[in-house]
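Engineer: My questions all concern the structure below.
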Amino acid sequence: MLQFHDGKFTILQVSDAQDMQFVRRTMFWMLRRACDRIKPDLVVFTGDNVLGNHLRDSRFRDNVYDAARERKNLETAIRKLMRPFVRRKLPFAVLYGNHDDRNCVTKEEQAEMYRAYPGCIGLEPGEAGLECDTYNVPILSSDGKRTAFNLWLFDTAGYDREADECYEWITPETVDWYRRKSAELAAENGGKPVPSIVFQHIPSAELSKLVEPCGPKDPGAARGRNGTWWRLKEGVSGILGHHPSALESDGGEFDAFRERGDVLAVVTGHDHGNCFEGEVDGIRLIQTSCASFRCAGGPVRGVRTFTLDEAAGDFSTRMHFYDELCGRGPWARFRWFWDADESERAKARLLRCLAAAAVVIAAAVVILLLT
Ligand SMILES: [Fe+2]
């Protein structure tokens, strides 16, 4: 069981790591540095951990469907993602995003792959009607006598193999389970709600309450759909990269949170360039940007920490961006340039120039040797 130590507990959130069997090494450099600097008590992966729908791509072969190869690629991608955390013997909890299971490997089969690593918490087969990545993680008090804090992990996305369609929702069954389990935890806590944080991959529409329409030249303006522009409302801190995405349906989770009174915050990923925090009806809504270099993450790439305070029954949180973890020196800049999706065109131009220069130099050397 997880437990507070001297009244504190630190969570490292890694969202949208979305790498593959061929990894972008710079993200792993950043993650290793995050682990060593932060020394978390728990790591929470909040979905799109693997770019599951691209696992059948290959650098060297045709894009031919091969279930055995796809499964092997997924195992390799998960093994590489887990390596920094397993080597440091860190406990970890996983939920899935909209990319994870868009392949021939089901959520349950992926869960078995994660559970093969020491430190994996949850991902056990759940109650009927619940996905295996819907579960809760209790954290015991420093004296080990009570549940002092609780984490909720909710599934928000999946893949219907027969229809070849993705869905993005929280089911009513998930919200019913939350109500029952929340009441159970409160009953064990002398009737008092246990302070909790919800982690889920895709934000609910509630997150849109933190933004407002604006003009394209207003400070902090970010694009929305159909030529609209948006900015963060006053009192909301952070960076808006684009209008928040939202679930098709959140199953009424916020009504349930308000009713139960135990949820301090809802933490989401999915929107790679969004990184902000605000409050709606007394519940903190926290959006975390991506860790991955296999997407256009920009300067908000990083990880987030949560420091839980046992006595206060509350927490503080902040982002740790790449620059903070890896520095701004030439080596850190070069690694960023080499691996980040947004610099791929510039990298291709650089490689073409270097190849042309090598040909010119080789030709000059040959001419000199022959004359
Ligand atoms: Fe996503």
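Engineer: Under the Karplus relation 6.51 cos²θ - 1.76 cosθ + 1.60, θ = phi - 60°, what is the ordered set of whole-Hz ³J(HN,Hα) values for the range 270-282, x standing for Gly and Pro?
Structural biologist: 6, 8, 4, x, 9, 7, 7, 8, x, 9, 10, 6, x
Engineer: In µm²/s, what is D for the range 179-274 at 4 °C and 1.567 mPa s, where D = kT/(6 pi eta Rh) by Stokes-Einstein and Rh is the Kirkwood radius from Cα pairs?
Structural biologist: So the translational diffusion coefficient is about 86 µm²/s.
Engineer: Something else about it: Would you mind working out the magnitude of the charge dipole of the chain relative to its Cα centre, with +1 at each Lys and Arg C-beta and -1 at each Asp and Glu C-beta, to the nearest 20 Debye?
Structural biologist: 2220
Engineer: Specify the inter-centroid distance of the range 1-28 and the range 234-263, based on alpha-carbon positions, in whole Å.
Structural biologist: 22
Engineer: Sorted by mean Cβ packing within 10 Å, highest first, what order do the peptides 276-287, 193-204, 257-268 take?
Structural biologist: The most tightly packed comes first, giving 193-204, 257-268, 276-287.
Engineer: I've got another one for you. Report the calculated FRET efficiency for Arg37 and Trp338 (r = Cβ-Cβ distance, R0 = 22 Å), to the nearest 0.05.
Structural biologist: Efficiency, from the Cβ-Cβ distance: 0.45.
Engineer: I need the phi-derived Karplus couplings for the range 142-152: 6.51 cos²θ - 1.76 cosθ + 1.60, θ = phi - 60°, integer Hz, Gly and Pro marked x.
Structural biologist: Once θ is set to phi - 60°, the couplings for the range 142-152 become 4, 8, x, 8, 8, 7, 8, 8, 9, 10, 9 Hz.
Engineer: Given the options Phe28, Gln287, Thr10, identify the residue whose Cα lies farthest towards the positive end of the charge dipole of the range 2-339 (+1 on Cβ of Lys, Arg; -1 on Cβ of Asp, Glu).
Structural biologist: Phe28
Engineer: log₁₀ I(q)/I(0) of the range 2-339 at q = 0.11, 0.12, 0.16 Å⁻¹, via Debye over equal Cα point scatterers, no solvent, to two decimals?
Structural biologist: Debye curve over Cα of the range 2-339, log10 I(q)/I(0) at q = 0.11, 0.12, 0.16 Å⁻¹: -0.71, -0.85, -1.54.
Engineer: Counting only helical runs of four or more DSSP H residues, what would the 222 nm mean residue ellipticity of the chain come to if each run contributes -39,500 (n - 2.57) and the total is spread over all its residues?
Structural biologist: Helix contribution divided over all residues of the chain: -9500 deg cm²/dmol.
All of the numbers you see were taken from the coordinates with simple rules; none came from a lab. These numbers come from a predicted model, not from an experiment. Every residue, glycine as well, gets a Cβ built from its backbone with ideal geometry; the counts of neighbours run over all protein chains shown.
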